[in-house]
1. In whole Hz and in residue order, list the ³J(HN,Hα) couplings for the range 159-172 that follow from phi through the Karplus curve 6.51 cos²θ - 1.76 cosθ + 1.60, θ = phi - 60°; x for Gly and Pro.
2. Describe numerically, in nm with one decimal, the distance between label points set 7 Å from Cα along Cα→Cβ at M383 and at M101.
3. 5 Å is the cut-off here: which amide hydrogens, built 1.01 Å from N in the peptide plane, fall below it relative to I214, excluding neighbours closer than 5 in sequence?
4. Sort the following peptides by mean Cβ neighbour count (other Cβ atoms within 10 Å, averaged over residues), highest first: 206-216, 437-447, 279-289.
5. Taking θ = phi - 60°, what integer Hz values does the Karplus form 6.51 cos²θ - 1.76 cosθ + 1.60 yield along the range 110-125, in sequence order, with x for Gly and Pro?
6. What distance in nm separates the simple spin-label points at T439 and N417, each placed 7 Å from Cα in the Cβ direction?
7. For the range 338-393 and the range 265-288, what is the separation of their Cα centres, given in Å?
8. Around R341, which amide H atoms from residues at least 5 apart in sequence, or from another chain, sit under 5 Å from its own amide H, with H modelled in the peptide plane?
Amino acid sequence: MKGQGGPTGRRPLQLVSPFCSCFSFLKDFGVRIPRPLGNGPSRFIPEKEILQVSKVDPRTQSIFEDAFAALGRLDNISLVMGFHPQYLESFLRTQHYLLQMDGPLSLHYRHYIGIMAAARHQCSYLVNLHVNDFLQVGGDSKWLNGLDGAPQKLQALGELNKILAHRPWLLTKAHIEHLLKAEEHSWSLAELIHAVVLLTHYHSLASFTFGCGITPEIHSDGGHTFRPPSLSQYCVCDIANGNGHGHLEERRGNHQVSEVSGEVEVLMERMKQLQECRDEEEASQEEMATRFEREKTESMLVATAEDEECVPSRDVSRHFEDPSYGYKDFSRRGEHVPTFRVQDYSWEDHGYSLVNRLYPDVGQLLDEKFQMAYNLTYNTMAMHKDVDTTMLRRAIWNYIHCMFGIRYDDYDYGEINQLLDRSFKVYIKTMVCSPEKTTKRMYESFWRQFQHSEKVHVNLLLMEARMQAELLYALRAITRYMT
């Protein structure tokens, strides 16, 4: 499923600075030259693999050029998503509409809500990105001193931000009523829908940022240093030329493949056996419900990477309240949360139309993006071709929704344990529920024979499934308020 498209006739976008020869000249005049702290756009993926994508796929090159023309920058998230140009196109179109096109909220409110959402997961990369954008569109710098410096209307959004990010199943119509009936600080329904979409977008994008190890660009906070490099003759442009530590990554990768020979074949055989079982017999509704409850309970026992608390820095935590509030499993301390049945409230039958009615075109854009992530396939698994991966993609999507208490009546949750091993579940739960705890070791420990592009694909699935889960709870609460 290669992307179609040809050269645009424009000069190819340069991903590196052409001024290497000037550096030594500038140093002679005492100019301090920054160099990147990271080795490419991701801490997890070798830089050569990421930057090679745009060289071999004209469609990706064209999307990059359009993004650069629209924003004046090409961020590292887009570079990593470039492995999947069809998805990237849909993602950028949606994000552009949410941030820049006509809508209920003013531009500076949009970026400030992005800051609030990203800060809940201590995602300084996204916070810094939107601090700059907030100031560029005329935002009041006093608001950046802390949430208590922002208008009461935005402060009131803090509770919704907190619950959606960490425990969306606790959201009720009372939370919605509080925002819509706050007298002079109240939100309109259309404004609230816009805010909810932005919050869920940036919560899930924080998951992708941590899940793929995205690093700050060289011009950003945390993206550069003025200290001399440890490698002699190191140049800023090595970031794109593939010099540096890439060969170490390759050696490490080859070693890993030899250690886990047969991993893909085992997974493919399980998929084949499950399909045969489907064809032979179908479980009863009672058994399907029991398997869902069992999987939901077991998902609580999957620990995230490190269970110690991550203490957010002051730079990030000032943008939200109650920093100790985080993800908690459904049934800890006897807490009971009813199962959210998709047949009673679904994105397709309920959420989509509500969003489209109050914020025209956005329901359509979101739906296209969800469908793109869910259905995206190249019919490959690692080195194997002509493989139907539908069963695997559905298991990943439904496992994430299961962690949020969301059940599909027609799905056999017994398949999840057959297809997703424990190391993969740890990665999924951490990346979706506590993304700031995601580590490179966790990224490397699952699907060790798969390509980096396939792991990025997994991250797209996790990001979109998480966003839809949050949206379902928020939109259901809004619907209940309206009826």
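1. After applying 6.51 cos²θ - 1.76 cosθ + 1.60, I find 5, 4, 4, 5, 5, 4, 5, 10, 9, x, 5, 8, 6, 10 Hz.
2. Inter-label distance under the simple model: 4.5 nm.
3. Sorted by chain and number, the residues that satisfy this are R43.
4. Working: 206-216: 24.6, 437-447: 18.0, 279-289: 10.9.
Highest mean packing first, the order is 206-216, 437-447, 279-289.
5. Karplus values, whole Hz, x for Gly and Pro: 4, 5, 5, 5, x, 4, 4, 5, 5, 5, 4, 9, 6, 8, 4, 4.
6. Here the modelled spin labels are 2.7 nm apart.
7. 22 Å
8. So R341 has HN proximity to R407.
Readers should treat all values here as calculations from the given coordinates under stated rules, not as data from a laboratory. Since this is a predicted model, take the numbers as computed values, not measurements. Every residue, glycine among them, receives a Cβ derived from its backbone with ideal geometry; neighbour counts consider all protein chains shown.
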